[in-house]
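The values are calculated or read from the model by the stated rules, or taken from the named source; none is laboratory data. This is a predicted model, so every value here is computed, not measured. Ideal geometry is used to build each Cβ from the backbone, glycine not excepted, and the neighbour counts take in all protein chains shown. Ligands, DNA and RNA are stripped out before the accessible areas are found, and what is left, the full protein with its side chains, is counted by its heavy atoms. Shrake-Rupley method; radii C 1.70, N 1.55, O 1.52, S 1.80 Å.
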Amino acid sequence: MPRTAAIRRATAETTIELSLDLDGSGRAEVHTGVGFFDHMLTHVAKHGLFDLTVKADGDLHVDAHHTVEDVGLCLGQALREALGSKAGIRRYGDCTLPMDETLVTAAVDLSGRPFFVWCVQVPNELLGGFSSPLGEEFWRAVAHAGAFNLHVLGHYGRNTHHILEAVFKATARALRQAVEADPRMTGVPSTKGAL
C-alpha cells in the first residue's frame with residue numbers, strides 16, 4: 001500500500017494544497033510565497049526522504065503567520081493519514097544534528113497523542129518574510145495535527161538561520177527514522193495494539 005496523502009484546506013486566511021509520499025526520494029515542489037519557509041520545507045523533504053508538494057496562497061499582506069501555521073496543520077494531517085494503522089513502523093525517531101556553531105536534537109514518538117516541547121532559544125529576527133518565532137508555531141501545528149510527540153532541544157547556537165535550519169533538518173531525520181519499516185516488527189508497535 002502506498003503511504004501517501006493529499007490535503008486541501010481552505011479558510012478565509014489561506015488556501016493550502018499539500019501532498020506527501022512517506023516513501024519518496026526527497027523531492028520537493030514548494031510554493032508558499034515565503035522564501036525562507038520554502039527553503040525549510042525543502043529540507044524537510046530532502047532529509048526526511050519524503051516527496052512533498054505544497055502550494056499555499058495566504059494573507060501575506062498581513063504576515064506569514066497564518067500561512068506557516070496552516071501548512072503545518074496540513075503536513076501533520078498528511079503524516080497521520082499516510083501512516084494509516086502504523087503497523088510495522090519503528091514509531092520512535094531521534095536526531096542530534098550540528099550546523100556550524102549550532103547543535104539541535106529532535107525526538108519523535110508517533111504515539112497517536114499530540115504533545116509538543118520546544119526548548120530552543122531562537123533570536124527574534126525576520127528572515128526574508130519569515131519571523132523566526134514561526135519555527136516553533138509550525139512544528140507545534142505539525143505535532144498536534146499529526147497526533148505525535150515532538151520534543152525539540154537547542155543545545156546551543158547563535159545564528160538564527162542556522163538554529164532554524166538545524167531544527168527543520170533534525171526533525172525531518174527523526175520523522176524519517178520513526179516512519180521507516182521495522183523488519184522485526186509485526187503489527188502495531190504498542191502493547192495496546194493500536195496507536
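Brief remarks follow.
- Test result for Thr67, touching a residue at least 60 places away in the same chain (Cβ under 8 Å), β-branched (Val, Ile, Thr) and either surrounded by fewer than 23 Cβ atoms within 10 Å (Cβ to Cβ) or in contact with a Gly (Cβ under 7 Å, 6 or more places away or on another chain) (or both): no
- Counted residues, region 16-27 - those being surrounded by fewer than 18 Cβ atoms within 10 Å (Cβ to Cβ) and assigned to a strand (DSSP E or B): 1
- Qualifying positions in region 156-193 - assigned to a helix (DSSP H, G or I) and either more than 22 Å from the chain's Cα centre (by Cα) or among the charged types (D, E, K, R) (or both): Glu165, Lys169, Arg173, Arg176
- Taking region 81-105 as the range and being crowded, with 18+ Cβ neighbours inside 10 Å and under 16 Å from the mean Cα position of the chain (by Cα) as the test, the residues that pass are Ala82, Leu83, Arg91, Gly93, Cys95, Leu97, Val104, Thr105.
- Check on Pro98, at pLDDT 95 or above, in a loop (DSSP other than H, G, I, E, B) and either out of contact with any Lys or Arg (no Cβ under 7 Å at 6 or more places or on another chain) or not polar (S, T, N, Q) (or both): no
- Note on region 115-128: residues that are surrounded by fewer than 17 Cβ atoms within 10 Å (Cβ to Cβ) and either aromatic (Phe, Trp, Tyr) or modelled with pLDDT of 95 or more (or both) amount to 9.
- Selection from region 147-195 of residues that are over 17 Å from Ser111 (Cα atoms) and free of Cβ contacts under 8 Å to residues at least 24 places away in the same chain: Pro183, Arg184
- Failed condition for Val108, given (1) β-branched (Val, Ile, Thr); (2) over 13 Å from the mean Cα position of the chain (by Cα); (3) part of a strand (DSSP E or B): (2)
- Verdict on Leu41 being farther than 25 Å from Gly129 by Cα, modelled with pLDDT of 95 or more, open to solvent by less than 20 Å² (accessible area, probe 1.4 Å) and not hydroxyl-bearing (Ser, Thr, Tyr): no
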